[in-house]
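What follows is a single structure, written as structure tokens, with notes after it.
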Amino acid sequence: MMKAGPKTFMLLTALAAAQTDALAGADHPALSAADEAYSAERYEEAARLYRRDAEFGLVAAQVNLAFLYMDGQGVAQDYKQAALWFGRAAERGNREAQQNLGVLCRDGKGVAQDYVEAYKWFLVAGAASDAVALEKRMAPDQVADAKRRADAWRAKFAPGQGS
């Protein structure tokens, strides 16, 4: 077995801290190289770096990569990829991703149009105005189903945050 030196320990400590931020649902941890590339309008580089961090599991990178796909910045516009990355971050509890996934579900962009799933994500995200607006297009049984789905999601992923 190889012994870890001080540099390896520092790197692992930094990665663990970043992962802890992501797991805690931190929306925007400290400015990263990807954020700096985005701010400098080097979108292809930002997309590459966000993808690396997103695949590592960093929630903020997943959200930012989803926005790049949604807007076609640094990558070809691809709503399926946007939905994929918003979905990963939404499942980790990121409210911004949950709301945007709801929008994609409502509009049928990158996923099949599904008002029940959209309403669920709006409820989970606490996006009341989006939920109220969508409810006007839904049958009462669809609203009830969406509320059950939201409650089931909260019970599984966010205990103690019921409706």
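Each value in this text was obtained by applying a stated rule to the coordinates, not by laboratory testing. Please read all numbers here as calculations on a predicted model, not as lab measurements. Cβ sites come from the backbone with ideal geometry, for glycine too, and all protein chains shown count toward neighbours.
General remarks:
- Under the shape rule built on the C-alpha gyration tensor, where the axes satisfy a ≥ b ≥ c, the range 23-157 is prolate, since a/c reaches at least 1.5 and a/b is greater than b/c.
- Gain upon complete extension [E135, E45; 0.36 nm per residue less C-alpha separation]: 28.4 nm
- A Förster radius of 25 Å combined with the Cβ-Cβ distance from E55 to D107 puts the calculated FRET efficiency at roughly 0.40.
- Other residues within the sphere of radius under 10 Å centred on the Cβ of V75, judged by their own Cβ, net out at -1 (K and R +1, D and E -1).
- For the range 23-157, the Cβ-based charge dipole about the Cα centre amounts to some 480 debye (Lys, Arg positive; Asp, Glu negative; other atoms uncharged).
- Estimated FRET transfer efficiency when R0 is 35 angstrom, pair A144-K80 (beta carbons, to 0.05): 0.75
- Projected label points at F157 and E36, each 7 Å from Cα along the beta carbon direction, are separated by 3.2 nanometres.
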